[in-house]
1. Going by average Cβ neighbours within 10 Å, how do the peptides 145-156, 86-97, 190-201 rank, with the highest at the top?
2. Please compute the contact order of segment 21-107 in relative form: average sequence separation of alpha-carbon pairs under 8 Å and at least six residues apart, divided by the residue count, as a percent.
3. I'd like the accessible area for PHE142: 1.4 Å probe, protein heavy atoms, all chains in place, Å² to the nearest 10.
4. Give the whole-number value, in cubic angstrom per residue, of the convex hull volume spanned by the C-alpha atoms of segment 78-227.
5. With the crude spin-label approximation of a point 7 Å out along Cα→Cβ, what separation in nm comes out for LYS66 versus LEU92?
6. Provide, as a two-decimal number, the C-alpha radius of gyration of segment 175-227 over 2.2 N^0.38 Å, N being how many residues it has.
7. Relative contact order, percent, of segment 72-173 when contacts are C-alpha pairs under 8 Å separated by at least 6 residues?
8. Can you pull the percent of Cα pairs in segment 26-113 with separation above 14 Å?
Amino acid sequence: MTDAAGGDGTAGRRRAVPAPGKTSRVRMSAAQRREQLISIARQIFAERGFDATSIEEVASRAKVSKPVVYEHFGGKEGLYAVVVDREVRSLLDRITTALTAGHPRELLEQAALTLLTYIEEETSGFRVLVRESPLMSATGNFSSVMNDVAHQVEHILGAEFSSRGYDPKLAELYSQALVGMVALTGRWWLEVRKPRKETVAAHLVNLAWNGLSHLEAKPGLITVRGR
């Protein structure tokens, strides 16, 4: 049976068709929205630093209102803390996992290559870590990660120093020097990206290892000796 208009009675029950050019938006879960905001904030903090980043821009790029960001993180400081904490743990986990070889030279190679790989693959994260911020605490920045790595290297060097007749108490000094050399070189390579990371790592290890192989038991300064 048809209605007066000659239809089959379903004309009034047809589904509404979205207007051309419009698509229905899929609502994110709270967890998905949080991850989206962290990802966007990570990129902006890397580009501009903490001071120049605003909640307004984070919200705008995420296409949400500012209260949504505040609901998840309480403010810019809370959002920044989450981003930095994730990067610190990510970099430290990478380096700790990489330090598996038994020979000290291989350990140096692994540490250097792992840092350079992180810089290559997670450039935004590394930029966030090395940017100065008033919120950076002693336990939440790039320096803290490098200090943790230096402590691991210190134990390795301490054993090597003892076996070679050097003062093991100096292992802390040498570990800081070695890790600092790799870290500063990594910051330089972040901008130039050449030569390739394997070549950079090889030269770092060349300088460090050959230097360690010919250590003087009691070094002195040449400029002081003649006085």
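1. On the way: 145-156: 18.6, 86-97: 16.3, 190-201: 13.3.
Descending mean neighbour count gives 145-156, 86-97, 190-201.
2. On the way: 38 pairs, mean separation 21.1, N = 87.
For segment 21-107, the relative contact order is 24 percent.
3. Estimated to the nearest 10 Å², PHE142 gives 10 Å².
4. Values: hull volume 20.6 nm³, N = 150.
Roughly 138 Å³ of hull volume per residue.
5. 3.4
6. 1.48
7. Values: 62 pairs, mean separation 26.5, N = 102.
Value for segment 72-173: 26 percent.
8. Working: 2589 of 3828 pairs.
Looking at segment 26-113, the distances longer than 14 Å represent 68 percent of pairs.
The values are calculated or read from the model by the stated rules, or taken from the named source; none is laboratory data. Quick caveat, the model's predicted, so the values are computed rather than measured. All Cβ positions, glycine included, derive from the backbone under ideal geometry; neighbour counts span all protein chains shown. Only protein heavy atoms, including side chains, enter the accessible area calculation; ligands, DNA and RNA are left aside. Shrake-Rupley method; radii C 1.70, N 1.55, O 1.52, S 1.80 Å.
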